[in-house]
Amino acid sequence: MAGFQVSPIDSAITEAVRNTLKSPQYGHPAHVERAAGYGPCRACLKQFRAGQEDRILFTYNPFAGLDEYPSPGPVFIHAKSCQHYAQTGEFPPELRALPLTLEAYGDNRWIIARERPAEHEIEQAVERLLHTGGVRYIHVRNTEAGCYIARIERSISAEEKSR
């Protein structure tokens, strides 16, 4: 188990948004507001403290570099720089209790499988999806809003990296 990596939005993108208040992929204006809901932040993968933190809403295409056909959507990040999530083989603790949908994609962005795991079933669902034939990566989405949260890929071992 634990042969996966959960990846937030790239830090170059999130810092560009904070510095310009525009979507780096599209040039659309970004919107800053006091957090009214849990989010989560697509950089640190932690929930917002509603009424206490500012967040930035911007347009993001989670398929950039993976597929030519864009599918932009709204995402939130903390307005102030935060520590990007970088744990390997662990699902972000603050995402566990959220209503999540895992979408497993193959070549040409084809959805091969989709699961809505309970909090205690997340790792098993991730491992099962990553071992399904043809699956290249998984998108974590909010089941209620449908928006993108993060990408999950197989971990690369030190031995594989050295090849």
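The values are calculated or read from the model by the stated rules, or taken from the named source; none is laboratory data. These figures come from a predicted structure and were not determined experimentally. Cβ sites come from the backbone with ideal geometry, for glycine too, and all protein chains shown count toward neighbours. Side chains are part of the model used for accessible areas, which takes the heavy atoms of the whole protein and leaves out ligands, DNA and RNA. Shrake-Rupley method; radii C 1.70, N 1.55, O 1.52, S 1.80 Å.
Miscellaneous remarks
- The chain - percent of accessible surface contributed by carbon and sulfur, probe 1.4 Å: 49 percent
- Exposed loop sites were defined as chymotrypsin sites (Phe, Trp or Tyr not before Pro) in DSSP loop states (anything but H, G, I, E or B) carrying at most 15 other C-beta atoms within 10 Å; in the chain the longest segment without such a site runs 27-109.
- Placing +1 on the Cβ of every Lys and Arg and -1 on the Cβ of every Asp and Glu, with no other charges, gives the chain a dipole of roughly 320 debye about its Cα centre.
- Spin-label model, Thr132/Ala86: points 7 Å from Cα along the beta carbon direction are separated by 3.1 nm.
- Length gained on full extension, Ala97 to Tyr69, computed as 0.36 nm times the residue gap minus the Cα-Cα distance: 6.9 nm.
- The angle between the Cα long axis of helix 11-20 and the longest principal axis of the Cα atoms of the chain comes to about 10 degrees, rounded to the nearest 10.
- At a probe radius of 1.4 angstrom, the accessible area of the chain per residue rounds to 53 square angstrom.
- Applying the criteria of a DSSP loop state and at most 10 other Cβ atoms within 10 Å to the GluC sites (Glu not before Pro) of the range 5-74 yields Glu68.
- Cα gyration tensor shape of the range 1-88, rounded if a/c is under 1.5, else prolate or oblate by comparing a/b with b/c: oblate
- Straightening the chain between Arg109 and His31 buys 25.2 nm, computed as 0.36 nm per residue apart minus the Cα-Cα spacing.
- For mean projected area of the Cα convex hull in nm², calculated from these coordinates, the label among (1) 12.0; (2) 9.8; (3) 11.5: (2)
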